[in-house]
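The values are calculated or read from the model by the stated rules, or taken from the named source; none is laboratory data. Bear in mind that the values here come from a model prediction, so they are computed numbers and not experimental data. Quick reminder, even Gly has a Cβ in these numbers, built from the backbone with ideal geometry, and neighbours come from all protein chains shown. Keep in mind that these areas ignore ligands, DNA and RNA; they rest on the heavy atoms of the full protein, side chains included. Shrake-Rupley method; radii C 1.70, N 1.55, O 1.52, S 1.80 Å.
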Amino acid sequence: MAEMIKTVEYLASEIGPRPVATEEEQQAALYIAREFEELGLPAEIEEFQGSVSHKKTRLLCSALAVILALVSLFVPVIALPAVIVSFICAVLFMSEELGKPILSKFLDKGISQNVVARYV
């Protein structure tokens with residue numbers, strides 16, 4: 001039990017937050033793999049493509065909606081298409097916020113990893 005607490009303390013205080021596909025996440029994976037190796041469990045790190053952040057998609061949706069609203073004030077012909085696109089932006093934004101990514105699956109990709117150890 002004391003070893004687990006030591007590991008959690010190290011990850012929390014020394015490495016800190018570990019967002020997907022960041023250097024901190026990689027450091028944590030290497031640390032955990034070393035911990036498994038010290039216990040005599042062969043460990044390997046498996047890399048995969050992961051969604052990095054929803055910040056870009058939130059920014060894109062918000063910026064597009066605001067720009068369309070401003071342009072439609074000066075060009076009334078695009079008012080209806082602007083409302084439709086703004087509604088689509090709002091739906092995409094809410095899907096990201098509610099944990100059902102649509103747009104970020106295509107925009108934000110990075111290398112993440114799993115640490116796998118096998119007890120034989």
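Numbers at a glance
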quantity	calculated
Matching residues, region 66-120, being in contact with a Phe, Trp or Tyr (Cβ under 8 Å, 6 or more places away or on another chain) and either free of Cβ contacts under 8 Å to residues at least 60 places away in the same chain or of a type in the set (A, V, I, L, M, F, W, C) (or both)	I111, V115, A117
Check on Q27, modelled with pLDDT of 90 or more and of a type outside the set (V, I, T)	yes
Filter result (within 14 Å of the chain's Cα centre (by Cα) and closer than 30 Å to F36 by Cβ) within region 100-120	D108, K109, G110, I111, S112, Q113
Helices (runs of 4 or more DSSP H) within region 1-103 that include 2 or more residues on the phi > 0 side of the Ramachandran plot, touching a strand residue (DSSP E or B) at 6+ places or on another chain (Cβ under 7 Å) and not charged (D, E, K, R)	none
Residue list for region 78-95, filter: under 22 Å from the mean Cα position of the chain (by Cα) and surrounded by fewer than 18 Cβ atoms within 10 Å (Cβ to Cβ)	I88, A90, V91, M94, S95
Region 28-68, residues that are among the small types (G, A, S), open to solvent by 50 Å² or more (accessible area, probe 1.4 Å) and either in contact with a helix residue (DSSP H, G or I) (Cβ under 9 Å, 6 or more places away or on another chain) or closer than 20 Å to P17 by Cβ (or both)	S62
